[in-house]
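Each remark here refers to the structure printed beneath this line.
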């Protein structure tokens, strides 16, 4: 069922057929495949039907089943910058296979065809596949790549195995195949923010640090070595990253955190960290002498904040703050469920004849702060013991001091609170002399 273009999306096939007879009049399966309609659809699908394909894979080399769609009377035009997106639900039965790729084939008016492919999921969770149109490949038996502006038919080729493994059955579900200007992304509800990513205080020694962080270096001979450094600008410990940069262009060294419980990067969040660079790079520094802080979601998709050159070659501790727009394009990353971060230093852009060089860099106190929508406020109200002072619009996790004065010239600290909510209270005795109150934020969360 070919739909019309709507904005940046063309629904190629929604499988909203009235019954199985209508489905089978449009889509033709191979001999060991059974097609049917089902009301099992993805949670955010717009329709009520999906295609169920039940495969019976025989024991033969390159066991393959096919599903061929209708031939369009009006060709479909696909720009090379667009994406072919669809919803798919896999089957654990594919786990036994040595080759389980699903290919989407496209045919043009001249009989040429190409394909996009990926391994079929082995879970029964709905997933989204986004194939860049420009990534189309020419199969061995095609006369040539198709003219994407003249597409008249689509088909699915599902491989069951490469070798002649035992016969088995498997089922997939496909829904809402469309052409889009951007990848289709749908993420679960966001997790809570993770206020402190790492202040490096919790590691007993360097072995504990490197048990959590793993090394990632540029493909050349760059070598990074992580350890703990004392003293630190906050607390007693910081990350020390010694890097032997390889000769040539674009050398970098990094450490990547272990996987953690999902956390969000809200749109109004401020990411802050401290960095101390190495002046040894000053003589060679260029636009490629930068520090990266990257975040990754559960699918491994990442976003990156890249500093200017100055902090990387400075011997002084520099506090860096970044907001969500500073991380570039976040549209294809689940910023509500991030699970990993990376700390990376790039030595230089350079030229092919750049010589090797070493540097030592320090990082500390990586945090995500959610600024309050309003400034803290104070209000007094009577209670049984005298008065209650209410402090509102606090930042959860921040430390505050409550100060009092009789003349607004000399202030005395009368209390402190580590905010566990956005509101806190303080008792004020009925017989206390007239006074002014002042709330001061001492530390960030």
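What follows draws every value from the coordinates through simple rules; no lab data is involved. This is a predicted model, so every value here is computed, not measured. Using ideal geometry, Cβ is built from the backbone for each residue, glycine included, and neighbour counts are taken over all protein chains shown.
Odds and ends about this structure:
- By other beta-carbon atoms within 10 Å, ranking 62, 140, 116 with the fewest at the front produces 140, 62, 116.
- Calculated [222 nm] ellipticity per residue, helices only, for the chain: -1000 deg cm²/dmol; basis is -39500 (n - 2.57) per DSSP H run with n ≥ 4, divided by all residues, nearest 500.
- Rounded to the nearest 0.05, the FRET efficiency derived from the C-beta distance between residue 191 and residue 211 at R0 = 25 Å is 0.55.
- Here the alpha carbons of the chain define both size measures, Rg and Dmax, at 29.6, 95 Å.
- Cα-projected label distance for residue 167 with residue 181, points at 7 Å along beta-carbon direction, nm: 5.1 nm
- Chain lengthening between residue 323 and residue 407 when straightened (0.36 nm per residue, less Cα-Cα): 26.2 nm
- Annotation: extensible slack from residue 282 through residue 353 equals 23.8 nm (criterion: 0.36 nm per residue apart, minus Cα-Cα distance).
- Extension gain (nm, one decimal) between residue 422 and residue 204, 0.36 nm per residue minus Cα-Cα: 75.2 nm
- Residue order, fewest to most beta carbons within 10 Å, for 109, 339: 109, 339
- Fluctuation leader among 315, 242, 429 - the chain, Gaussian network, Cα springs under 10 angstrom: 429
- Working from label points 7 Å from Cα in the Cα-to-Cβ sense, the residue 236 to residue 19 distance is 7.8 nm.
- Placing R0 at 22 angstrom, the Cβ-Cβ distance between residue 331 and residue 123 gives a FRET efficiency of 0.35 after rounding to 0.05.
- At R0 = 56 Å, FRET efficiency that the Cβ-Cβ distance of residue 377 and residue 147 yields, to 0.05: 0.30
- Distance in nm between pseudo-label sites at residue 270 and residue 60 (7 Å out along the Cβ direction from Cα): 6.7 nm
- Zero-based 5 Å bins, Cα pair distances in the stretch 5-180, whole percents: 2, 8, 17, 21, 21, 18, 10, 3, 0, 0
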